[in-house]
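Enquirer: Have a look at this one.
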Amino acid sequence: MKRIGMLTSGGDCQALNAAMRGVVKCLSCSGEAVEIYGFLEGYKGLIYGDFRMLTGADFSGILTKGGTILGSSRTPFKLMREPDENGLDKVEAMKQNYYKLKLDCLVILGGNGTHKTANMLREEGLNVVTLPKTIDNDLWGTDMTFGFQSAVNIATDCIDCIHTTAASHGRIFIVEVMGHKVGWLTLNAGMAGGADIILIPEIPYDIDKIVKAINSRAERGSKFTIMAVAEGAISKEDAKLSKKEYKEKMKNYQYPSVSYEIADKIQKKTGLDVRVTVPGHTQRGGSPCPYDRVFATRLGAEAGKMILNGEYGFMVGYKNREIVKVPLEEVAGKLKMVSPDATIVQEAKLTGISFGD
Ligand code: F6P
């Protein structure tokens with residue numbers, strides 16, 4: 001008999017359900033008796049002992065369902081060691097609930113912050129297996145995270161729709177893409193959607209270079225320009241600021257987001273019509289795409305296998321087209337960013353895409 005605690009933490013994404021289903025299907029197919037404790041709303045459920053007993057039936061029919069049947073929430077890692085408003089020691093509470101329920105392990109699905117806490121729980125002596133979820137694809141130790149490809153599809157659809165209206169009106173359009181501090185989503189959706197300019201946090205932009213790219217398109221007869229801008233895009237000047245200086249500057253920030261600032265600057269410099277579209281959380285919503293359904297199922301099945309073998313302390317990752325076990329201490333606290341020298345960036349540049357650098 002295996003007693004397994006499961007939770008989904010951080011921002012949700014597509015294929016969380018598919019991944020959990022993969023774990024449970026693998027365990028049930030093995031013939032091993034299992035009890036599944038589904039902690040509700042991420043680490044909160046583990047801290048406050050808020051769980052639901054789940055059976056195989058709960059995982060049936062959820063392969064294609066977006067969101068997470070367990071609910072999710074953000075409990076920042078930096079607050080984990082701080083007592084809650086009633087003085088409760090959160091880490092001790094999580095450990096006590098784990099031991100009280102006599103769990104064999106925790107299956108934790110999450111992104112960067114989630115992995116820091118998962119690693120801390122491992123250091124505290126709990127058995128943990130994690131699965132890499134995030135639309136940002138910024139998790140260290142895995143080439144791919146589930147949710148990413150589905151989000152690329154949605155952001156690309158958005159750029160595709162903008163393309164036709166931009167062409168009709170001869171406008172400059174900015175599509176602001178999620179991704180937090182990294183540019184994977186913007187880079188991939190931008191290339192897939194045929195964006196002319198792609199701005200990502202890893203390659204700070206120069207507004208004059210952007211204007212130059214727009215003007216040279218106009219000189220070649222293209223009246224419209226499509227820009228895919230990462231929500232974390234940053235100018236060359238701002239990238240030079242220290243963290244403290246940047247924070248100070250942002251206190252008086254007058255725009256809803258970076259895209260509006262860029263739009264304003266382009267409008268002032270060129271007199272052209274610039275529009276901004278922000279697909280926002282739609283990028284995290286809806287059904288997982290087929291790639292993510294397969295990928296999340298594979299990761300889930302491998303996690304199930306690891307549990308059956310008693311192998312803990314790993315994230316199930318994906319490297320060079322193989323599913324791999326990555327020690328949690330290697331994953332926690334590291335970001336996988338786009339290298340400005342990556343071949344994908346060079347290839348994009350070879351096809352005429354400007355990064356505003
Ligand atoms: O990490 C996933 C993500 O969607 C990021 O791309 C985005 O910056 C952030 O979460 C949004 O967070 P929230 O849902 O808390 O607004």
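The values are calculated or read from the model by the stated rules, or taken from the named source; none is laboratory data. What you are looking at is a predicted structure, and each value in this text was computed from that prediction instead of being measured. With ideal geometry, Cβ positions are generated from the backbone for all residues, glycine too; neighbour counts draw on all protein chains shown. These area figures cover heavy atoms from the full protein model, side chains too; ligands, DNA and RNA do not enter into them. Shrake-Rupley method; radii C 1.70, N 1.55, O 1.52, S 1.80 Å.
Enquirer: Could you give the length gained by full extension between Ala192 and Tyr255, i.e. 0.36 nm per residue of separation minus their alpha carbon distance, to one decimal place?
Expert: 19.9 nm
Enquirer: What ³J(HN,Hα) values, in whole Hz, does the Karplus curve 6.51 cos²θ - 1.76 cosθ + 1.60 give for region 167-173 when θ = phi - 60°, with x put for Gly and Pro?
Expert: 5, 4, 9, x, 9, 8, 10
Enquirer: Which percent of the Cα-Cα distances in the chain go past 30 Å?
Expert: Taking all Cα-Cα pairs of the chain, the fraction more than 30 Å apart is 42 percent.
Enquirer: What does the convex hull of the Cα atoms of region 223-357 come to per residue, in Å³, rounded to a whole number?
Expert: Here the figure is 199 Å³ per residue.
Enquirer: In Å², and per residue, what accessible area does the chain have when probed at 1.4 Å with the other protein chains present?
Expert: Numbers: 15710 Å² over 357 residues.
Roughly 44 Å² per residue, with all protein chains present.
Enquirer: Which values of log₁₀ I(q)/I(0), to two decimal places, follow from the Debye formula for region 114-247 at q = 0.17, 0.18, 0.21 Å⁻¹ with a uniform point scatterer at every Cα?
Expert: Debye intensities relative to I(0), on a log10 scale: -0.94, -1.01, -1.18.
Enquirer: Return the subset of Lys247/Lys325; Lys209/Lys243; Lys95/Lys240 for which the Cα-Cα distance in this structure is over 31 Å, preserving the input order.
Expert: Among Lys247/Lys325; Lys209/Lys243; Lys95/Lys240, the Cα-Cα distance tops 31 Å for Lys247/Lys325; Lys95/Lys240.
Enquirer: Follow-up. How about region 93-152: which trypsin sites (Lys or Arg not before Pro) there lie in a loop by DSSP and see at most 11 other Cβ atoms within 10 Å?
Expert: The qualifying sites are Lys102.
Enquirer: Something else: Give the span of region 164-308's Cα atoms along each principal axis, as three whole-Å numbers ordered largest to smallest.
Expert: On the principal axes, region 164-308 reaches 63, 42, 21 Å in Cα extent.
Enquirer: Run the accessible area of the chain with a 1.4 Å probe and give the carbon-and-sulfur part as a rounded percent.
Expert: 51 percent
Enquirer: Tell me, what is a quarter of the convex hull surface for the C-alpha atoms of region 230-274, in nm² with one decimal?
Expert: That works out to 3.5 nm², a quarter of the Cα hull's surface.
Enquirer: Can I ask one more? If we count every other residue with Cβ under 15 angstrom of Arg298's Cβ, Lys/Arg +1 and Asp/Glu -1, where does the sum land?
Expert: In short, +4.
Enquirer: Mean residue ellipticity at 222 nm from the helices of the chain, using -39,500 (n - 2.57) per DSSP H segment of n ≥ 4 over the full residue count, to the nearest 500 deg cm²/dmol?
Expert: Taken over the chain, the calculation gives -12500 deg cm²/dmol.
Enquirer: Using r as the Cβ-Cβ distance of Ser168 and Asp238, and R0 as 30 Å, what FRET efficiency do you calculate, to the nearest 0.05?
Expert: That gives a FRET efficiency of 0.35.
Enquirer: Next question. Using a simple spin-label model with points 7 Å from Cα along the Cα→Cβ vector, what separation in nm is obtained for Glu85 and Arg321?
Expert: 5.3 nm
Enquirer: Going from the alpha-carbon gyration tensor of region 101-159, what semi-axes, largest first and in whole Å, does one get by taking the root of 5 times each eigenvalue?
Expert: Each semi-axis is the square root of five times an eigenvalue, giving 29, 11, 8 Å.
Enquirer: Another question, if that's okay. Viscosity 1.306 mPa s, temperature 10 °C: Stokes-Einstein D of region 74-183 from its Kirkwood Cα radius, in µm² per second?
Expert: 94 µm²/s
Enquirer: Here is a follow-up. Hull surface divided by four, with the convex hull built on the Cα atoms of region 1-133: how many nm²?
Expert: 7.3 nm²
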